[in-house]
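K.L.:
Let me give you the structure first, and then I'll get to my questions.
The values are calculated or read from the model by the stated rules, or taken from the named source; none is laboratory data. Because the structure is a prediction, the values reported are computed rather than measured. Here Cβ is always computed from backbone atoms with ideal geometry, including for glycine, and neighbour counts include all displayed protein chains.
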Amino acid sequence: MIDVIIVGAGPAGLSAANVCAKNGLKVKVVDEFMKAGGRLLGQLHEEPDGTWWNGIEEAKKLSEDAQELNVAVECGVSVHNIKQEKSYWKVYTTKGDFKTRALLLATGAAETSLPIPGWTLPGVMSIGAAQVMTNVHRVRVGERGVVIGINILSAAITRELQLAGIEVSSMYLPGKNIVTEDAAKPLSTMKSMLKVASLAPSKLIRLGSYFMKYESLQSLAVRFYPKNGMKVWGMPVHLRKAVLEIVGDKKVEGVKVAQVDVNGEPILSTEKFVPADFVCIAGGLYPLVELAAISGCPFQYIAELGGHVPVHNENMKTPIDGLYVAGNITGIESAKVAMKQGAVAGYSISMDLLKTDVNIEDQLQQAINHVKQTRNQATIQFHPDIHSGREKIHASFKNTLRTDI
Amino acid sequence: MRDHKTIICRCEEVSLEDLVRTAESYRCSSRELKLRTRAGMGQCGGRTCRALVDSITQKCTNDSTPHDIPLGYQAPIRPITFSIMGEKKDE
Amino acid sequence: MSKGRIIDHPILGRLDEREEVHFTFDENKLIGYEGETIAAALLANGERVLRCHEETGKLRGIYCNIGHCMECRVNVGNQKSVRACLTVIQEGMEVKSGRKLPTPFKKGETQ
Ligand SMILES: Cc1cc2nc3c(=O)[nH]c(=O)nc-3n(C[C@H](O)[C@H](O)[C@H](O)COP(=O)(O)OP(=O)(O)OC[C@H]3O[C@@H](n4cnc5c(N)ncnc54)[C@H](O)[C@@H]3O)c2cc1C
């Protein structure tokens, strides 16, 4: 029997593993990716102070600590099922089944898409796919591409593609349909970019912070948005143009682009062909909760957290005995927050398994405070109302316990 | 307008037009929509399209998103070979 | 190392020298590098098309690149439906693209 099994070797999972191991627990981490680090591995952002957040280096530090602490980290292993038995959890993987006293799900996030005609063609990929190909595998996704979907993640990753010498000719809105609607509206796109400001292209921010103050000016900014886009890092960002279709015979050859009105409706007479050999689709992230769902854990739908999240409290405990969650499975936030949440889960698990140790309780409290501090200082925020999302989910934990009694 | 050409579920190649038509005529839940169209029933377990299918359901029926996950998950949530299923390697 | 790869990077530095790995994709003999995934090695070799939809025959390549979407599934040796984005290439590996099935399997009732 293992003390703790952690699914996911991302920033949350590894941080939790290291805390548990420091407290003397026997820990095993499994991850289906071939390297430890999760989505941290592809990240490369310039911080406001001019330093670089290099995910590969951050992941290396976490992995080295794990190795020193004798955490068993197994990569290339997928967990396909989990079951609660009387006094333990059984974890089913592609390399055998294991028993554990505590189970931490730190499976991170997945991407949502913006479906438009032609998006199944080879050469069309999610923006995250391009990030991993570029920064982790160091393989070129193409020579010249376009990005569909203007949001915090696509802005960051487009910059990363440029750094690697891959040309992105433009960023566009998606053509409007019933499912892309929200991402296809110029005004709401502009507003959401401004709210999550600090990482967004600085020019857009400057323009925005000026217009932000007055609702009426915001729509003016959108109305008079330059036809040729606004150049950010030498690349046009088009809030008034959308990709209506991706075209190609056996693979992507280009996109059909048209100007759109302030509501995102295309002006068909303006349709033009723009050549491209790759296309990235950026629809945002949602918590990857599949294992929590099959465990029978209750859920809440909280838009501020990115979708359905397993009910849990500030200690990262779910209402189900021995089941914990940390990182993006609990809501979409940056890797720094995920690390701090992982530490909380680590202390929480240690406290529950090593009932005699009183010091851990203080450390747990401190770790919870660190999560809050990190959240308040985050340079990357995926949702402006993240705080209210967190309050809602913690409140739902209390309600779940109350109705159980 | 281009909805017949817009694939929502890549695994089963279900179009937006099919989904909207079905959702509107049956005014059904995401689960029923999935069973009727096969959207979300393919190899990926709905990981790519579930949010889209949910949003079609909500927009066509004017419902808000329920707290229970509309399209449930079922084990195994990752592809496994039969040899793995037969294997007993408890630790 | 071939042109498909990002050798120098202003922040991440220079790519380490790695051992060559020989593998095949359908009938083509290709070279990748130690530690690369099937998906990365194929893309670096200019192969974007990994399979076609079993029923409609429409072509597919990588989509999510982190194991979620299953679009990059290929056959490796006698193993079917292997995610190219999560599987590391090995010397002598025989990778085959996913084909259209000869008899269309029955579609479930739509209405
Ligand atoms: C494609 C993508 C790109 C992103 N880019 C950025 C970015 O540029 N900047 C930013 O701040 N945030 C980014 N994020 C957000 C990111 O989720 C967080 O920054 C952070 O990495 C979350 O950490 P985590 O530990 O919760 O999960 P992750 O880092 O996602 O780690 C989860 C790990 O769990 C593994 N896993 C999941 N399910 C299973 C299973 N069933 N069996 C075995 N292993 C499993 C995965 O392989 C993965 O390695 C991105 C997210 C995604 C999905």
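K.L.:
Among the numbered criteria (1) assigned to a loop (DSSP other than H, G, I, E, B); (2) over 25 Å from A:T107 (Cβ atoms), which single criterion is violated by C:L42?
P.N.:
(1)
K.L.:
Can I ask one more? Do we find that A:K176 is at pLDDT 90 or above and surrounded by 20 or more Cβ atoms within 10 Å (Cβ to Cβ) in this structure?
P.N.:
Here the answer is yes, as A:K176 does meet what is asked.
K.L.:
Follow-up. So, of the residues in the range A:334-344 that are within 12 Å of the chain's Cα centre (by Cα) and within 7 Å of the ligand (Cβ to nearest atom), which turns out to be nearest to A:I386 (Cα to Cα)?
P.N.:
Ranking the qualifying residues of the range A:334-344, first place goes to A:S334.
K.L.:
If you take the residues in the range B:21-35 that are crowded, with 19+ Cβ neighbours inside 10 Å and over 10 Å from the mean Cα position of the chain (by Cα), which one is farthest from the other protein chains (Cβ to nearest Cβ)?
P.N.:
Once the filter is applied, the top-ranked residue is B:A23.
K.L.:
Considering only the range A:188-204, state which residues are at pLDDT 80 or above, of a type in the set (A, V, I, L, M) and either outside any helix (DSSP H, G or I) or surrounded by fewer than 17 Cβ atoms within 10 Å (Cβ to Cβ) (or both).
P.N.:
Correct list: empty.
K.L.:
Next question, about the same structure. Kindly indicate which of A:Q373, A:Q363, A:Q381 is within 20 Å of A:A335 (Cβ to Cβ) and either outside the structural domain of A:H45 (by TED's automatic domain parsing) or more than 16 Å from the ligand (Cβ to nearest atom) (or both).
P.N.:
A:Q373
K.L.:
Quickly run through the range A:34-82 and pick out the residues that are surrounded by fewer than 18 Cβ atoms within 10 Å (Cβ to Cβ), in contact (Cβ under 8 Å) with a residue 12 or more places away in the chain, away from the ligand (no atom under 11 Å from the Cβ) and in a loop (DSSP other than H, G, I, E, B).
P.N.:
Hits for the range A:34-82 are A:E47, A:P48, A:L69, A:N70.
K.L.:
Being assigned to a loop (DSSP other than H, G, I, E, B), within 7 Å of chain A (Cβ to nearest Cβ) and at pLDDT 55 or above is the filter; apply it to the range B:75-91 and report the residue that is nearest to A:K95 (Cα to Cα).
P.N.:
If we take residues in the range B:75-91 being assigned to a loop (DSSP other than H, G, I, E, B), within 7 Å of chain A (Cβ to nearest Cβ) and at pLDDT 55 or above, then B:I80 is nearest to A:K95 (Cα to Cα).
K.L.:
Show the residue pairs that are 6+ apart or on different chains and have beta-carbon atoms under 8 Å apart, the first residue being within the range A:323-337 and free of Cβ contacts under 8 Å to residues at least 60 places away in the same chain, the second being part of a loop (DSSP other than H, G, I, E, B) and within 7 Å of the ligand (Cβ to nearest atom).
P.N.:
These pairs meet every condition: A:S334/A:I380.
K.L.:
Now for a different question. With the checklist (1) in contact with a Leu (Cβ under 8 Å, 6 or more places away or on another chain); (2) farther than 29 Å from A:T112 by Cα; (3) facing chain A (nearest Cβ under 9 Å) in hand, flag the one item C:T37 doesn't pass.
P.N.:
(2)
K.L.:
Now for a different question. Filter the range A:379-405 down to the residues that are buried (at least 18 other Cβ atoms within 10 Å of the Cβ), hydrophobic (A, V, I, L, M, F, W, C) and part of a loop (DSSP other than H, G, I, E, B) and list them by number.
P.N.:
The answer is A:I380, A:F382.
Let's see how each residue does on (1) within 16 Å of the ligand (Cβ to nearest atom); (2) under 26 Å from A:N369 (Cα atoms); (3) not assigned by TED's automatic domain parsing to the domain that holds A:K83:
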residue: A:I294; (1), (2), (3): yes, no, no
residue: A:A303; (1), (2), (3): no, yes, no
residue: A:V309; (1), (2), (3): yes, yes, no
residue: A:H312; (1), (2), (3): yes, yes, no
residue: A:N315; (1), (2), (3): no, yes, no
residue: A:A326; (1), (2), (3): yes, yes, no
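K.L.:
For the range A:298-349, enumerate the residues that are farther than 20 Å from B:T65 by Cβ and within 14 Å of chain B (Cβ to nearest Cβ).
P.N.:
Result: A:P319, single match.
K.L.:
Starting from residues that are within 9 Å of chain A (Cβ to nearest Cβ) and in a helix (DSSP H, G or I), keep the ones in the range B:5-18 and report whichever is farthest from B:T37 (Cα to Cα).
P.N.:
Once the filter is applied, the top-ranked residue is B:K5.
K.L.:
While we're looking at this one, here's another question. Any residue that is part of a helix (DSSP H, G or I) and touching a residue at least 24 places away in the same chain (Cβ under 8 Å) - is there at least one of those in the range A:353-360?
P.N.:
The answer is yes; a qualifying residue exists.
K.L.:
Just one of C:L43, C:L50, C:L86 is over 17 Å from A:G76 (Cα atoms), in contact with a Ser or Thr (Cβ under 7 Å, 6 or more places away or on another chain) and modelled with pLDDT of 95 or more; which is it?
P.N.:
One residue alone meets the criteria, C:L50.
K.L.:
Give the residues of the range A:120-179 that are of a type in the set (A, V, I, L, M), without any contact (Cβ under 8 Å) to a residue 24 or more places away in the chain, within 14 Å of chain C (Cβ to nearest Cβ) and not in a helix (DSSP H, G or I), sorted by residue number.
P.N.:
A:V139
K.L.:
Also: Give me a count of the residues in the range A:205-243 that are under 25 Å from the mean Cα position of the chain (by Cα), part of a strand (DSSP E or B) and at pLDDT below 80.
P.N.:
Looking only at that region, the number is 2.
K.L.:
For the range A:84-96, which positions are surrounded by fewer than 18 Cβ atoms within 10 Å (Cβ to Cβ), free of Cβ contacts under 8 Å to residues at least 60 places away in the same chain and in a strand (DSSP E or B)?
P.N.:
If the condition is that a residue be surrounded by fewer than 18 Cβ atoms within 10 Å (Cβ to Cβ), free of Cβ contacts under 8 Å to residues at least 60 places away in the same chain and in a strand (DSSP E or B), then A:K90, A:G96 are the ones that fit.
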